[in-house]
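Engineer: So that we are looking at the same thing, I have put the structure below in structure tokens.
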Amino acid sequence: MTDRAAHTTLNDPAQLLQRGSELLAERGRAMALQLVERARAANTGDPRIEQVCRILETHRVPRFHAKMLEDARRNRAYRTAIEALVPGRRVLDIGTGSGLLAMMAARAGAASVIACEQDPRLAATAREIIARNGFADRITVIDRPSFQLERGRDLSGGVDCVISEIFSDNLLSEGVLTALAHARAELCTADAIFIPEHASIEIALASHPDIDPPLADVEGLDLSPFARHFPLVQTIRCNNPRLHLRSEPQSAFGYRWTAQADPALSADSAVELISSGGEISAIAQWIELRFLPDVIYANGPGSEDEISWLNRLTPITRRGSQAGEAIRVKNWYCDEHVMHWEA
């Protein structure tokens with residue numbers, strides 16, 4: 001690109017948006033970040049350029065980051081475990097995002113902290129936040145995913161503590177199983193610990209009035225086949241007052257991360273859920289993270305507003321149930337996908 005073309009790109013909002021979008025589509029996020037920084041520096045105070053820069057900075061950055069950082073229960077659980085377990089340890093924070101957990105580890109007395117973040121836009125912001133809070137000399141941010149780190153080159157021989165918050169609403173769909181298995185095998189010492197160490201997928205019978213896609217009668221026309229293009233599983237806030245549990249919960253799967261073994265990448269299970277009576281229309285699913293024996297975080301239905309993770313609902317045949325009725329549910333996961341169905 002000539003100097004003149006580069007100047008035009010930096011100063012013309014339409015061309016800036018086009019070039020930045022091309023870089024993001026080509027996975028050139030680091031180059032898109034450089035483009036944003038140059039455009040801002042060349043156009044201080046220009047509202048159009050600023051808004052284009054924000055579009056490029058937020059492209060495919062999930063909005064759950066905000067809810068997650070506002071989740072006081074989550075933050076408190078991590079802080080409590082970090083303060084109890086991290087002092088004196090060499091820490092790797094996988095998927096650091098804002099840098100919050102890395103700063104908690106440094107503040108708690110970690111011997112060293114490496115924070116990795118695959119999105120260079122977030123990594124740059126994490127460095128800024130870390131410096132603003134006075135931890136720049138104690139935390140190293142690497143803008144690569146953890147599976148691109150090397151024990152010798154990046155971690156001075158390995159870490160003995162891995163902190164992660166790469167859990168999703170179904171626990172697994174941010175690649176936590178493969179990421180932590182790689183970390184244990186390639187990045188950790190033989191006595192490494194994981195925070196959290198244990199997690200589980202919890203399920204229960206539930207009723208919700210809007211679990212079925214309303215496509216059977218749209219303007220007098222039957223559009224129900226179109227439902228196949230919608231995800232089977234629906235997500236709702238855990239404080240949704242229209243969701244009612246119809247059984248006590250049970251664990252569909254449990255996962256424990258240690259220095260000696262990894263959870264399986266695929267497994268199945270079956271549980272019996274005992275109905276408390278009333279209409280049932282779904283299998284409700286949520287997650288539970290166990291940090292210490294007395295520090296457990298869960299987003300079960302009925303939790304308060306501050307919870308960041310959503311509940312997931314898998315539809316089953318809507319019907320009435322009798323108190324004490326046993327309903328068998330089968331479960332399966334493979335890598336990042338989790339499924340539940342009535343047997």
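The values are calculated or read from the model by the stated rules, or taken from the named source; none is laboratory data. The model shown is predicted, which means the values in this text are computed figures rather than measured ones. Cβ placement follows ideal geometry from the backbone for every residue including glycine, while neighbour counts extend to all protein chains displayed. In case anyone asks, the SASA skips ligands and DNA or RNA and just uses the protein heavy atoms, side chains included. Shrake-Rupley method; radii C 1.70, N 1.55, O 1.52, S 1.80 Å.
Engineer: Any chance the stretch 306-329 includes a residue that's of a type in the set (D, E, K, R), outside any strand (DSSP E or B), over 18 Å from Leu232 (Cβ atoms) and touching a helix residue (DSSP H, G or I) at 6+ places or on another chain (Cβ under 8 Å)?
Structural biologist: Yes, because at least one residue in the stretch 306-329 is of a type in the set (D, E, K, R), outside any strand (DSSP E or B), over 18 Å from Leu232 (Cβ atoms) and touching a helix residue (DSSP H, G or I) at 6+ places or on another chain (Cβ under 8 Å).
Engineer: Same structure again: Looking only at the stretch 88-105, filter to residues that are touching a helix residue (DSSP H, G or I) at 6+ places or on another chain (Cβ under 9 Å) and more than 22 Å from Gly175 (Cα to Cα); which one of those is surrounded by the most Cβ atoms within 10 Å (Cβ to Cβ)?
Structural biologist: Restricting to residues being touching a helix residue (DSSP H, G or I) at 6+ places or on another chain (Cβ under 9 Å) and more than 22 Å from Gly175 (Cα to Cα), the top hit is Ala105.
Engineer: Identify, please: which residue in the stretch 198-215 is touching a helix residue (DSSP H, G or I) at 6+ places or on another chain (Cβ under 9 Å), open to solvent by less than 70 Å² (accessible area, probe 1.4 Å) and not in a strand (DSSP E or B) and is, among those, modelled with the highest pLDDT? Reasoning before the result, please.
Structural biologist: Pass one, the stretch 198-215, residues touching a helix residue (DSSP H, G or I) at 6+ places or on another chain (Cβ under 9 Å): 199, 212-213, 215.
Narrowing further to those that are open to solvent by less than 70 Å² (accessible area, probe 1.4 Å): 199, 213, 215.
Then keep just the ones that are not in a strand (DSSP E or B); that gives 213, 215.
On the way: Pro213: 66, Leu215: 79.
This residue is Leu215.
Engineer: Can you work out which of the residues in the stretch 325-339 that are charged (D, E, K, R), modelled with pLDDT of 95 or more and touching a Ser or Thr at 6+ places or on another chain (Cβ under 8 Å) is surrounded by the fewest Cβ atoms within 10 Å (Cβ to Cβ)?
Structural biologist: As a first pass, look at the stretch 325-339 and keep what is charged (D, E, K, R): 325, 328, 330, 335-336.
If we keep only those that are modelled with pLDDT of 95 or more too, we end up with 325, 328, 330.
Now restrict to residues that are touching a Ser or Thr at 6+ places or on another chain (Cβ under 8 Å): 325, 330.
Values: Glu325: 16, Lys330: 14.
Among residues in the stretch 325-339 that are charged (D, E, K, R), modelled with pLDDT of 95 or more and touching a Ser or Thr at 6+ places or on another chain (Cβ under 8 Å), the one surrounded by the fewest Cβ atoms within 10 Å (Cβ to Cβ) is Lys330.
Engineer: In the stretch 106-140, which residues are open to solvent by less than 30 Å² (accessible area, probe 1.4 Å), of a type in the set (Asp, Glu) and at pLDDT 95 or above?
Structural biologist: Within the stretch 106-140, just Glu117 meets the criteria.
This table checks each residue for (1) of a type in the set (Val, Ile, Thr); (2) closer than 30 Å to Ala192 by Cα; (3) surrounded by 14 or more Cβ atoms within 10 Å (Cβ to Cβ).
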residue	(1), (2), (3)
Phe230	no, no, no
Arg237	no, no, yes
Ser247	no, no, yes
Gln250	no, yes, yes
Gln260	no, yes, no
Leu265	no, yes, no
Ile274	yes, no, yes
Gln285	no, no, yes
Val295	yes, yes, yes
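Engineer: Something else: Checking Pro225 against (1) in a strand (DSSP E or B); (2) open to solvent by 40 Å² or more (accessible area, probe 1.4 Å), which test does it fail?
Structural biologist: Against the list (1) in a strand (DSSP E or B); (2) open to solvent by 40 Å² or more (accessible area, probe 1.4 Å), Pro225 comes up short only on (1).
Engineer: With more than 23 Å from Ala81 (Cα to Cα), part of a strand (DSSP E or B), in contact (Cβ under 8 Å) with a residue 60 or more places away in the chain and not charged (D, E, K, R) as the only criterion, which of Ile280, Ile274 stands out?
Structural biologist: Of Ile280, Ile274, the one residue that is more than 23 Å from Ala81 (Cα to Cα), part of a strand (DSSP E or B), in contact (Cβ under 8 Å) with a residue 60 or more places away in the chain and not charged (D, E, K, R) is Ile280.
Engineer: OK, next. Filter the stretch 44-72 down to residues that are open to solvent by less than 50 Å² (accessible area, probe 1.4 Å) and modelled with pLDDT of 90 or more and give me whichever is nearest to Glu306 (Cα to Cα).
Structural biologist: For the stretch 44-72, the residue satisfying everything is Asp71.
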